[in-house]
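Enquirer: Dropping a structure here in structure tokens format, bear with me for questions.
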Amino acid sequence: MKVSMNGLRRNLSGDVQELRDVAASIINDDWYDKADLVRAVNAIIQHSNVLNCIYVANDPDFTDMGDLEVEPLEAGGEG
């Protein structure tokens, strides 16, 4: 399977920016929606989980790390 690392990196960067913006709102005591925070964190978790499954066969520095999986947050607390 061919994976667009450029697409993954672009999406990850956009989601990191969104999480940064939510965090900045919290730090600055601005209004923020908890659901926005949960969505932003879960987007980053999803990218991390996907990246952990990408590997190159026979490359010891780029192995399948799919066993490293972070559970998503739920709106009421930790996942």
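Enquirer: Subtract the Cα-Cα distance of S4 and D61 from 0.36 nm times their separation in residues, and report this length gain in nm to one decimal.
Expert: My answer for the length gained is 18.6 nm.
Enquirer: Between the alpha-carbon centers of the range 3-29 and the range 31-79, tell me the distance in whole angstrom.
Expert: 13 Å
Enquirer: Also, I was wondering about something else. Nearest 10 degrees, 0 to 90: what angle lies between the long axis of helix 5-27 and the longest principal axis of the chain (Cα atoms)?
Expert: 20 degrees
Enquirer: Please list 3J(HN,Hα) in residue order for the range 57-62, calculated via the Karplus relation 6.51 cos²θ - 1.76 cosθ + 1.60 where θ = phi - 60°; whole Hz, with x for glycine and proline.
Expert: Whole-Hz 3J(HN,Hα) from phi for the range 57-62: 4, 6, 10, x, 9, 8.
Enquirer: Okay, moving on. Largest first, please: the extent of the C-alpha atoms of the chain along each principal axis, to the nearest Å.
Expert: That works out to 49, 25, 19 Å along the principal axes.
Enquirer: To continue, here is another question. Give me the percent of accessible area attributable to carbon and sulfur for the chain, probe 1.4 angstrom.
Expert: Result for the chain: 53 percent of the exposed heavy-atom area is carbon or sulfur.
Enquirer: Over the chain, give the accessible area per residue in Å² for a 1.4 Å probe, as an integer.
Expert: On the way: 6180 Å² over 79 residues.
Heavy-atom accessible area per residue stands at 78 Å².
Enquirer: So which trypsin sites (Lys or Arg not before Pro) in the chain pass both tests, a DSSP loop state and at most 10 other Cβ atoms within 10 Å of the Cβ?
Expert: Details: sites: K2, R9, R10, R20, K34, R39; in loops: K2.
In loop regions of the chain (DSSP not H, G, I, E or B), the sparsely surrounded trypsin sites (Lys or Arg not before Pro) are K2.
Enquirer: Sticking with this structure for a sec: Identify which of D59, D30, D21 has the largest mean-square fluctuation in a Gaussian network model of the chain, with springs joining Cα atoms closer than 10 Å.
Expert: Sorting by GNM fluctuation, first place goes to D59.
Enquirer: Between beta-carbons, use under 15 Å as the cut-off and find the net charge around V22, counting Lys and Arg +1, Asp and Glu -1. Display every interim value, and only then the final one.
Expert: On the way: positive: R20, K34, R39; negative: D15, E18, D21, D29, D30, D33, D36.
Here the charged neighbours net out to -4.
Enquirer: Still on this model: Kindly report, to the nearest 10 Å², the accessible surface of V41 as traced by a 1.4 Å probe over protein heavy atoms only.
Expert: We get 30 Å² for V41.
Enquirer: Pick out which of L68, L19, L51 has the largest mean-square fluctuation in a Gaussian network model of the chain, springs linking Cα atoms closer than 10 Å.
Expert: Sorting by GNM fluctuation, first place goes to L68.
Enquirer: Which angle between 0 and 90 degrees, to the nearest 10, do you get for helix 34-52 versus the longest principal axis of the chain when only C-alpha atoms count?
Expert: 10 degrees
The values are calculated or read from the model by the stated rules, or taken from the named source; none is laboratory data. Since the model is a prediction, treat every value here as computed from it, not as a measurement. As a convention, Cβ positions derive from the backbone with ideal geometry for all residues, glycine included, and neighbour counts pool all protein chains shown. Only protein heavy atoms, including side chains, enter the accessible area calculation; ligands, DNA and RNA are left aside. Shrake-Rupley method; radii C 1.70, N 1.55, O 1.52, S 1.80 Å.
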